[in-house]
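Here, each number is a calculation from the coordinates, and none is a lab measurement. If you're wondering where the values come from, they're calculated on a predicted model, not measured in any experiment. So basically every Cβ, Gly included, is an ideal-geometry build from the backbone, and we count neighbours across all protein chains shown.
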Amino acid sequence: MTPSPWIVRWAPLVAPGAPILDVAAGGGRHTRFFRGRGHRVTAVDRDVSGLAELANDPEVEIVATDLETGSPWPLPGRRFGAVVVINYLHRPLWPTLLAALQPGGVLLYETFMVGNERFGKPSNPAFLLRDGELLDVARDGGLSVVAYEALMLSDPRPAMVQRIAARRA
């Protein structure tokens, strides 16, 4: 499970030892990546079965919750040195994720955008970022944009994505 090249490239922005929030962690490739860099990681997902081998790691907190049901945020008041989101989009969650960044914290986000429907799933506009949407979210949230891309990827399969690295002042 190789981490996203975007995450690998911008991970040095995260303060050494800062706590990490891995949202929609899936199989835990980014949880493992940041854990390997010496961070304590909180991994959140509806299905945490892909994180089972990390369950006994004292530096990994696994939170099983469905972020889309309207249930209360499972980590109220918690702040993180980085919030990492890959291949997941639930717009109502953005204010919560931005509020979870501690001062100097970094948002590392990469997901599908409009145009991806030509290549397969996701194709529903509800799950595709609009043009420049991540830029707007970061700027409206008071973050300083370090890097942003909107592009077509060819590997591991063709996809249209946006990705951002942004920092809280």
### Task
Identify the residue in the range 129-159 that is in contact with a strand residue (DSSP E or B) (Cβ under 8 Å, 6 or more places away or on another chain) and of a type in the set (Lys, Arg) and, among all such residues, is surrounded by the most Cβ atoms within 10 Å (Cβ to Cβ).
Arg139
### Message
Tally up the residues in the range 11-27 that are under 19 Å from Leu98 (Cβ atoms), over 11 Å from the mean Cα position of the chain (by Cα) and either surrounded by fewer than 22 Cβ atoms within 10 Å (Cβ to Cβ) or of a type in the set (S, T, N, Q) (or both), please.
### Response
4
### Query
Any residue in the range 124-142 that is within 12 Å of the chain's Cα centre (by Cα), without any contact (Cβ under 8 Å) to a residue 24 or more places away in the chain and not in a helix (DSSP H, G or I)?
no
### Query
Within the range 75-102, which residues are closer than 16 Å to Ala18 by Cα and basic (Lys, Arg)?
Arg78, Arg79
### Task
Among the residues of the range 28-46, count how many are farther than 11 Å from Val83 by Cα, small (Gly, Ala, Ser) and touching a strand residue (DSSP E or B) at 6+ places or on another chain (Cβ under 9 Å).
1
### Query
Taking the range 103-128, which residues are among the β-branched types (Val, Ile, Thr) and either touching a Cys at 6+ places or on another chain (Cβ under 8 Å) or buried (at least 20 other Cβ atoms within 10 Å of the Cβ) (or both)?
Val106, Thr111
### Message
Among the residues that make up the range 48-57, is at least one of them within 18 Å of Ser4 (Cα to Cα), aliphatic (A, V, I, L, M), touching an Asp or Glu at 6+ places or on another chain (Cβ under 6 Å) and crowded, with 16+ Cβ neighbours inside 10 Å?
### Response
no
### Task
Output the residues belonging to the range 30-83 that are in a loop (DSSP other than H, G, I, E, B) and within 14 Å of Ala11 (Cβ to Cβ).
Arg37, Gly38, His39
### Summary
Note: among Pro103, Pro95, just one is closer than 16 Å to Ala82 by Cα and over 14 Å from the mean Cα position of the chain (by Cα), namely Pro103
